[in-house]
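As structure tokens, the structure follows; a few thoughts come after it.
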Amino acid sequence: MAKRLIYIFIFLLSFLIYSCSRKTHPSKTSTETSTKAGTENSELPAATKTITKPKAKTTLPKVIVVNDSVAHKSVDGRLYYDVMGHRYWRNNKDGKYYLFNKSMYNNPDFK
């Protein structure tokens, strides 16, 4: 009877160790799927696809406040600030930086 309990304990312990190994957990960043060729007699290896989730786009604010000492000066003397490839221009009336749009050409506050 004691030997049976020892064997059961060893079996449960080994099962627990095996089930918690990293090989049995799927990865969280990508999903792997395997596809086989359409025919039964083909000897082609199974293809593996890696599917990655697209990154979420960051939303940029339309108005930011930046210290004028870190802003850059354009050729015509206007101040601008670049954030992740988007350009913000300084409004001379309120001192804030606005995301570029076409209406800034006719607005005297941005000149």
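The values are calculated or read from the model by the stated rules, or taken from the named source; none is laboratory data. Values in this document were obtained by computation on a predicted structure and should not be read as measured data. Note: ideal-geometry Cβ built from the backbone for every residue, glycine included; neighbour counts use all protein chains shown.
Residues that are touching a residue at least 24 places away in the same chain (Cβ under 8 Å) and either more than 21 Å from Ser103 (Cβ to Cβ) or polar (S, T, N, Q) (or both) within the stretch 69-92 comprise just one, Met84. Across the stretch 81-103, the number of residues qualifying as closer than 12 Å to Lys62 by Cα and among the polar types (S, T, N, Q) comes to 1. Note on the stretch 52-74: among residues that are part of a strand (DSSP E or B) and under 26 Å from the mean Cα position of the chain (by Cα), the one that is modelled with the lowest pLDDT is Thr52.
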